[in-house]
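This report refers to the structure that appears directly beneath it.
The values are calculated or read from the model by the stated rules, or taken from the named source; none is laboratory data. All values derive from a computational prediction rather than experimental measurement. Backbone-built Cβ (ideal geometry, glycine too); neighbour counts: all protein chains shown. What goes into the accessible areas is simple: the full protein's heavy atoms, side chains included, and nothing from ligands, DNA or RNA. Shrake-Rupley method; radii C 1.70, N 1.55, O 1.52, S 1.80 Å.
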Amino acid sequence: MTWRWTVISKDHMINDEIRAKEVRLVGAEGEQIGITPIREALQMAIDLNLDLVNVAPQAKPPVCRIMDYGKFRYEQQKKDKEARKNQKIVDIKEVWFRSNIEEHDYQTKLRNVVKFLKEGDKVKCSVRYRGREIAHAAIGQRILERVKVEVEELCTIERQPKLEGRSMIMILAPKA
């Protein structure tokens with residue numbers, strides 16, 4: 001019979017790494033065995049050819065479980081990988097408008113805003129001012145208000161139009 005004494009992980013203390021005098025022991029099938037001395041718990045794990053794993057080191061006394069630690073780690077890694085695969089990373093896409101934009105250009109940029117929102121990305125709509133255009137910031141405000149009205153069924157407004165330096169910025173988030 002071989003016994004696994006190699007260090008597999010730094011996440012949990014296993015086998016001889018456990019330094020408590022006595023532990024609350026949980027069996028291989030999940031049954032409560034009770035508070036036992038550490039030597040007795042280790043011997044039970046050796047007899048079953050399994051590992052003694054400290055699952056709750058802060059508890060008084062620490063809670064240890066008899067399990068196949070390699071199999072436990074493998075299943076944990078599979079769960080983590082599945083969780084990473086299912087998560088959606090939200091990007092912020094930026095669409096620039098000009099204060100003197102023509103209708104066709106506006107419609108093209110609006111289609112891009114709608115496309116990004118349908119893909120689940122946040123959209124940062126900006127109106128960039130050059131030169132003396134900044135004196136007529138209300139024109140850019142009207143453009144962003146028009147965008148907001150035309151896409152209000154697809155999104156929620158995360159940030160209202162606000163002038164920052166030479167740009168007016170509004171952030172839209174897709175509806176869940």
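When the range 147-156 is filtered for residues that are at pLDDT 90 or above and either in contact with a helix residue (DSSP H, G or I) (Cβ under 8 Å, 6 or more places away or on another chain) or surrounded by 13 or more Cβ atoms within 10 Å (Cβ to Cβ) (or both), the ones remaining, listed by number, are Val147, Lys148, Glu150, Val151.
Taken over the range 147-171, the criterion of being without any contact (Cβ under 8 Å) to a residue 40 or more places away in the chain and in a helix (DSSP H, G or I) is satisfied by Lys148, Val149.
I'd like to know if the range 55-78 contains one or more residues that are farther than 30 Å from Ile171 by Cβ, at pLDDT 90 or above and basic (Lys, Arg). Yes - at least one qualifying residue is present in the range 55-78. Of the strands (runs of 3 or more DSSP E) lying entirely inside the range 12-78, those carrying at least 1 residues that are open to solvent by 80 Å² or more (accessible area, probe 1.4 Å) and in contact (Cβ under 8 Å) with a residue 24 or more places away in the chain are 22-26, 32-37, 63-67.
Annotation: Ile89 fulfils all but one of (1) farther than 30 Å from Glu133 by Cα; (2) open to solvent by less than 100 Å² (accessible area, probe 1.4 Å); (3) of a type in the set (A, V, I, L, M); (4) in a loop (DSSP other than H, G, I, E, B); the unmet one is (2).
Yes or no: Arg39 more than 13 Å from His12 (Cβ to Cβ) and not hydroxyl-bearing (Ser, Thr, Tyr)? For Arg39, the condition - more than 13 Å from His12 (Cβ to Cβ) and not hydroxyl-bearing (Ser, Thr, Tyr) - is met.
Restricting to the range 92-128, and then to whatever is acidic (Asp, Glu), open to solvent by 60 Å² or more (accessible area, probe 1.4 Å) and farther than 15 Å from Glu164 by Cβ, can you tell me which residue is nearest to the chain's Cα centre (by Cα)? Step by step, filter the range 92-128, then rank; the result is Glu119.
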